[in-house]
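Here the structure comes first, spelled out in structure tokens, and everything after it is commentary.
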Amino acid sequence: MTEPKPLHEAADSGAPASGIASALKALDQLALSLLRTPFARLSRGEKRVLLKIAKEEASARDPEQLHAEESDFWDRLADRVAAIGGSWRFIFCFAAALVGWMLLNSDILQRFGLAFDPYPYIFLNLLLSTIAAIQAPVIMMSQNRQSARDRLAAQTDFEVNLRAELEIMRLHDKLDALRADALEAGLAEIRAELAALRGVLTARDGAAR
């Protein structure tokens, strides 16, 4: 199997238009030789792997870094809120705040007639409902981002595994080509030796006669 030229060599050859055409042709040959499928019909991940192979670049990528580069301030804020809201520290602090609120409005401040939210704590219920209404979509946003992060990690693993499999296939093809060349060279040497032996035998027969 003929090994296509690296993409940077194909792109550097000739004028820009011919260089692009040759680069696309090299990619198509590489796709057909490794995946038995034209380059245009490959998935985005497979195209990315073949481009990395053609450019002789590494395929390994850090999913966390890629996800962080795509995140804006509000995405990071949602992750932070979800991380705080899902911790034991938040549970203990929130429970202490609730107990303090109820103690203040049921015993301490009520003695002086200063209770701002007496039993049944209607204002507290309103605050809790507001916090829950705000926190729920923020947590869902963070869960969606975690799902996107997991999909990105799975896609990265797929590309790395595909790159490793294709590189092993290319290595096997090169070894097979080397074996074929070595075998052909050995056969040529044997043919030459047989021809020399035939010549010697023919000369002996002629001398004996």
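The values are calculated or read from the model by the stated rules, or taken from the named source; none is laboratory data. These numbers were taken from a predicted model, which means no experiment stands behind them. So basically every Cβ, Gly included, is an ideal-geometry build from the backbone, and we count neighbours across all protein chains shown.
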**Prompt:** Going by the conditions given, is Ser59 outside any helix (DSSP H, G or I), surrounded by 15 or more Cβ atoms within 10 Å (Cβ to Cβ) and not basic (Lys, Arg)?
**Reply:** yes
**Prompt:** Right, Glu46: part of a helix (DSSP H, G or I), modelled with pLDDT under 75 and among the charged types (D, E, K, R) or not?
**Reply:** no
**Message:** Looking at the range 106-142 only, could you name the residues that are assigned to a helix (DSSP H, G or I) and loosely packed, with under 12 Cβ neighbours inside 10 Å?
**Reply:** Asp107, Arg111, Ile122, Asn125, Leu126, Ser129, Thr130, Ala132, Ala133, Ile134, Ala136, Pro137
**Message:** Within the range 78-86, does at least one residue satisfy the condition of being modelled with pLDDT under 85, in contact with a Ser or Thr (Cβ under 6 Å, 6 or more places away or on another chain), part of a helix (DSSP H, G or I) and within 30 Å of Glu159 (Cα to Cα)?
**Reply:** yes
**Fill in**
Asp117 passes all but one of the listed conditions (1) more than 30 Å from Leu34 (Cβ to Cβ); (2) out of contact with any Leu (no Cβ under 8 Å at 6 or more places or on another chain); (3) among the charged types (D, E, K, R); the exception is number (2)
**Item:** Residue count, the range 26-85 (criterion: more than 30 Å from Ile134 (Cβ to Cβ) and among the aliphatic types (A, V, I, L, M))
**Value:** 16
**Prompt:** For the range 84-109, which residues satisfy the criterion of being under 40 Å from the mean Cα position of the chain (by Cα) and without any contact (Cβ under 8 Å) to a residue 12 or more places away in the chain?
**Reply:** Ile84, Ser87, Trp88, Arg89, Phe90, Ile91, Phe92, Cys93, Phe94
